[in-house]
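Participant: Can you read through this structure? Questions will come right after.
The values are calculated or read from the model by the stated rules, or taken from the named source; none is laboratory data. Because the structure is a prediction, the values reported are computed rather than measured. Please note: Cβ atoms are built from the backbone with ideal geometry, for glycine as well, and neighbour counts cover all protein chains shown. Surface accessibility is based on the protein's heavy atoms, side chains included, excluding ligands, DNA and RNA. Shrake-Rupley method; radii C 1.70, N 1.55, O 1.52, S 1.80 Å.
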Amino acid sequence: MKKHFALALALIGAVSMFTSCSDEKDGPIVPGSELEAKTYSAGTDLTLNIDGTATLGQDVEFTPATDGTATLTLKGQALDISSLIPDMTAVSKAEAALAFPTSCVIPGSAEASIKVTLAGDADKSTFTGNGDTEYCTFAYAGEVTKDAMTLNLSDIKLKNTSMAGTYTTHAFENNAFNELRAYWVSNKGIELYPGFSMDMNAIINMTLAIPMIEFGETTVPVAAMLPEVLKSVTLGEDGSVTAKYADTAVEGMPVKESAKGLARYVVKDDKTLLLFLDPQAIIATTMKAASKSRSIDLNALLEGLVTNVVPMLANGVPVVHGARIEKLDLNEDGTYTPIYDTDENAVSFYLGTETLLPILKTVSPIFTDDEIINTIVEAASQDPNMGYMASMLPGILKSLPAIIDGTSQIELGINLYK
């Protein structure tokens, strides 16, 4: 009996020694060692906050290493525009490439990678630290398991804050160019009647000056409503773009402020900022109009949008920052020369030729379609302020493709005071 008991103790001791040796060999637990590479998506298994505010439309790729570190790659979720054009029949949704990349929430980056040091357990780890990208710095903290991730971003600050500040609208002075920057140079003009054409700048100014909106007891041009509705735009040092505006749906039009996160920006160079927006409404409107026409090559239109518009979803819209055009002087040949404001605080933010012209050339075929032209003319004829132009619209619209082909400069934007 004693012999059997001693043998049992010996076996237990041997097992204990073996286990002890095994533990010493394995060493301490490596945080995150049981986690695998995975993509976490906002709205499902990812909670992403910026300064405490939840953000959607983002993915985070989690790639762990064997040394207790990991790489987080932030990306915008792909935008599926097939949902925006439910009536599209000319192009098969199954065959069309309709899912496009968008930008991540860190300003200026199509995607951003952060190398983090993990702490905690093998299957539940935390991380915290500071990071930077080409355009900004930030702080981060979070937690990750195999089922979910929480990532908090804070203290985002642009490395270049030269354009940061608050910009207000100009008071209306019965001049559309006081509020809006609209300048179009083409070797072709609008043929209003046979043998009579007009420069595009004259057409733009005339169009913007048409009384179209009731305001109080009178009607005013669309441009005149801009300073009444848009009060100011603030470019934050954190890359945010916010606006104060009058709520026209409420009596007395109280001033409200837009939420952060709807738009972001970075300063690319002394004259250009990159603006990150969600252009779904633009794509939806363009595609909806085109999908109703049988004579437009929808494949070509879609391809053009993919080439010229889609990259801006991820890479930002180039917005030029420059001196305001105070007025346009009429030349003897019927063209116009811009006169620039000498006040350094009177500035314009506008889309330039490099951005606008490729897009205009893409949508140019729309203006050759009789069905679309008739729809526009019919709508104009029913508007009491636009009715007198209805007879001229077919000529104007059908002239646009040639004008677009002959365009050497086009600028469209807004004038503000810093």
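Participant: Determine, yes or no, whether Lys260 is in contact (Cβ under 8 Å) with a residue 24 or more places away in the chain, among the charged types (D, E, K, R), surrounded by fewer than 19 Cβ atoms within 10 Å (Cβ to Cβ) and more than 22 Å from Glu344 (Cβ to Cβ). Before the answer, list the steps.
Facilitator: On the way: in contact (Cβ under 8 Å) with a residue 24 or more places away in the chain: yes; among the charged types (D, E, K, R): yes; surrounded by fewer than 19 Cβ atoms within 10 Å (Cβ to Cβ): yes; more than 22 Å from Glu344 (Cβ to Cβ): yes.
Criteria met by Lys260.
Participant: Let me ask another. Quickly run through the range 348-407 and pick out the residues that are touching an Asp or Glu at 6+ places or on another chain (Cβ under 9 Å) and of a type in the set (Ser, Thr, Tyr).
Facilitator: Ser348, Tyr350, Thr353, Thr362, Ser364, Ser399
Participant: Moving on. Within the range 181-212, restricting attention to residues that are open to solvent by less than 50 Å² (accessible area, probe 1.4 Å) and part of a loop (DSSP other than H, G, I, E, B), which residue is modelled with the lowest pLDDT?
Facilitator: Going through the qualifying residues, I end up with Ile210.
Participant: Scan the strands (runs of 3 or more DSSP E) fully inside the range 214-307 and keep the ones with 1 or more residues being at pLDDT 85 or above. Walk me through how you get there before you give the answer.
Facilitator: Values: elements: 218-221, 230-235, 241-246, 255-257, 264-269, 272-276.
Strands (runs of 3 or more DSSP E) meeting the threshold: 230-235, 241-246, 255-257, 264-269, 272-276.
Participant: Next up: Return the total of residues in the range 141-165 being under 25 Å from Glu34 (Cα atoms) and open to solvent by 20 Å² or more (accessible area, probe 1.4 Å).
Facilitator: So the count comes out to 8.
Participant: Go through the range 360-375 and report how many residues are more than 26 Å from Val317 (Cβ to Cβ) and surrounded by fewer than 17 Cβ atoms within 10 Å (Cβ to Cβ).
Facilitator: Filtering the range 360-375 down to residues more than 26 Å from Val317 (Cβ to Cβ) leaves 368-371, 373-375.
Within this subset, residues satisfying the condition of being surrounded by fewer than 17 Cβ atoms within 10 Å (Cβ to Cβ) are 368, 370-371, 374-375.
Adding up the residues that qualify gives 5.
Participant: Which strands (runs of 3 or more DSSP E) sit wholly inside the range 318-359 and have at least 1 residues that are among the polar types (S, T, N, Q) and open to solvent by 30 Å² or more (accessible area, probe 1.4 Å)? Please lay out each step first, then the result.
Facilitator: On the way: elements: 325-330, 336-340, 346-351.
Filter on the range 318-359 gives 336-340.
Participant: Return the only residue of Leu35, Leu74 being part of a strand (DSSP E or B), in contact with a Ser or Thr (Cβ under 8 Å, 6 or more places away or on another chain) and open to solvent by less than 50 Å² (accessible area, probe 1.4 Å). Reasoning before the result, please.
Facilitator: Working: Leu35 fails: part of a strand (DSSP E or B).
Going through Leu35, Leu74 in turn, just one is part of a strand (DSSP E or B), in contact with a Ser or Thr (Cβ under 8 Å, 6 or more places away or on another chain) and open to solvent by less than 50 Å² (accessible area, probe 1.4 Å): Leu74.
Participant: What number of residues within the range 402-416 are over 15 Å from Met198 (Cβ atoms), open to solvent by 20 Å² or more (accessible area, probe 1.4 Å) and more than 23 Å from the chain's Cα centre (by Cα)?
Facilitator: Selection size over the range 402-416: 3.
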